[in-house]
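None of the figures in this text is laboratory data; all of them are computed from the coordinates on show. Note that this is a predicted model, so its numbers are computed, not measured. Here the Cβ positions follow ideal geometry from the backbone for every residue, glycine too, while neighbour counts run over all protein chains shown.
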Amino acid sequence: FTGDVKVDDEEMTITCKKMTIFLEDKKPEAPAVAAEKPKNAKPEDATPGDAKPEEGKQVSRIICEENVVIIRKPSNDKEKDQGEQRAVAGHSDYDVKTGKIVLTKDPALIRQDDVLKGEVIVIWRDSEKVEVTGKSEMIMSTDTVNNTPKDTKEPDKGNKDKKDEKKPSVEDKTPVAPAPPVKTK
């Protein structure tokens with residue numbers, strides 16, 4: 001598929017300029033009792049449980065190129081409160097069976113003001129595990145470093161001396177040294 005391609009499923013939305021989808025045969029589910037069909041059976045003799053050719057395939061791999069954006073849909077209220085989690089890259093290779101998404105060509109993971117960049121970023125869909133290899137960079141907001149939700153305000157302790165003290169804002173960034181490369185097996 002080429003153009004402004006978009007795939008929307010229950011876990012994520014993927015957009016890009018070019019998408020190649022690989023299909024494989026579905027593994028047939030073994031029925032409790034297998035009924036043997038006569039060798040001379042005709043199509044009209046098919047039962048509702050018989051697979052049609054187009055239904056006998058499943059997506060095994062998705063390769064995206066150019067302007068790849070993957071937005072993970074929040075699965076609970078806590079994730080909604082943390083903000084949209086977005087991955088961007090020039091190329092992605094998604095193995096649907098294993099849930100492994102490999103991002104290359106300037107990949108980055110972004111959530112609100114937090115950014116993680118690397119030469120290669122691997123996201124494991126089901127475990128929320130992330131691996132970064134090569135030169136990497138992490139930018140975290142002060143709220144993330146302090147583990148403070150952005151909409152939470154510190155209670156007033158009644159101390160007027162601290163009233164003029166500057167508190168970190170959303171715009172404040174805490175520079176973080178580049179992370180060491182993660183070794184993969």
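Can you pick out the pairs among K26/K105; K17/K73; K26/K80; K18/K73; K6/K27 whose Cα atoms lie more than 29 Å from each other?
Listed pairs above 29 Å: K26/K105; K26/K80.
Applying 1/(1 + (r/R0)^6) with r as the Cβ-Cβ distance of K73 and K135 and R0 = 41 angstrom yields a FRET efficiency of 0.85.
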